[in-house]
Amino acid sequence: MSHKRVAILISGGGSNMVTLVKSMTAQHAARPVLVLSNNANAKGLERARALGVATEIVDHRPFKGDRTAFEAALQSTLEGAQADIICLAGFMRILTPDFTNTWRGRMLNIHPSLLPKYRGLHTHARAIAAGEGEHGCTVHEVTGELDDGPVLGQARVPIMPDDTPETLAGRVLEMEHQLYPAVLERFAAGDKTPVHLP
Ligand code: GRF
């Protein structure tokens, strides 16, 4: 059986990327073939190299806001790696509907909230400010809408009375590291049954 070829897109530390790469072992239907970052200084790049995964940098800055040109460079790099699936993991660039349509049904993202609540940024602070009793993370298929698309998995985390955005984010990140690999294993095997944790 030929394995699905997974490209992981990052912009920062890549802790989700590390857990995804480590999860693709013998019986897994997928293999990591590329870690791609828009940020040449992303710490995740050296972590990917240490794990033996090929890396590429497509810096968005030279494109000066020309999203189409930037995405053409992304696409060319992804085709070079013959990627079948994209996992966005802390990738901090907005993708146009053209790109998301090209990868429709083959691109996943992890977002640190219980979507559809708290799309966008600063989700932990917003959930605390709103007096929520719980928060969490969602893995979803990427569509043209930001932080939207069919949910493939969610993990819930209680919000404690003394939580700060930082302490909450730390607990959510731990659940991200469990959720994303569980979703990818199913997704790569063609199973879209949502994962719910705990
Ligand atoms: C995580 O909080 C994730 O939910 C969000 O960006 C962060 C990525 O962290 N998409 P890392 O780079 O995977 O450590």
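The values are calculated or read from the model by the stated rules, or taken from the named source; none is laboratory data. Note that the structure is predicted; figures quoted are calculated from it, not measured. Cβ atoms come from the backbone with ideal geometry, glycine included; neighbour counts cover every protein chain shown. The area values use the complete protein model at the heavy-atom level, side chains included, leaving out ligands, DNA and RNA. Shrake-Rupley method; radii C 1.70, N 1.55, O 1.52, S 1.80 Å.
Does any residue of region 122-142 turn out to be open to solvent by less than 20 Å² (accessible area, probe 1.4 Å), at pLDDT 95 or above and part of a helix (DSSP H, G or I)?
Scanning region 122-142 turns up at least one residue that is open to solvent by less than 20 Å² (accessible area, probe 1.4 Å), at pLDDT 95 or above and part of a helix (DSSP H, G or I).
For the condition among the charged types (D, E, K, R) and farther than 27 Å from THR193 by Cβ, what is the one hit in ARG126, ARG104?
ARG126
Looking only at region 1-52, how many residues end up being part of a loop (DSSP other than H, G, I, E, B), among the hydroxyl-bearing types (Ser, Thr, Tyr) and free of Cβ contacts under 8 Å to residues at least 60 places away in the same chain?
Result for region 1-52: 2.
Where residues in region 107-121 are farther than 20 Å from THR164 by Cα and either aromatic (Phe, Trp, Tyr) or crowded, with 16+ Cβ neighbours inside 10 Å (or both), which of them is nearest to the ligand (Cβ to nearest atom)?
Per the stated criteria, the residue is ILE110.
Answer yes or no as to whether ILE86 is closer than 19 Å to LYS192 by Cβ, crowded, with 20+ Cβ neighbours inside 10 Å, among the hydrophobic types (A, V, I, L, M, F, W, C) and more than 11 Å from the ligand (Cβ to nearest atom).
yes
Could you say whether any residue in region 93-102 is in contact with a strand residue (DSSP E or B) (Cβ under 7 Å, 6 or more places away or on another chain) and among the aliphatic types (A, V, I, L, M)?
no
So how many residues does region 14-28 have that are within 9 Å of the ligand (Cβ to nearest atom) and either on the phi > 0 side of the Ramachandran plot or open to solvent by 40 Å² or more (accessible area, probe 1.4 Å) (or both)?
Qualifying residue count for the region: 1.
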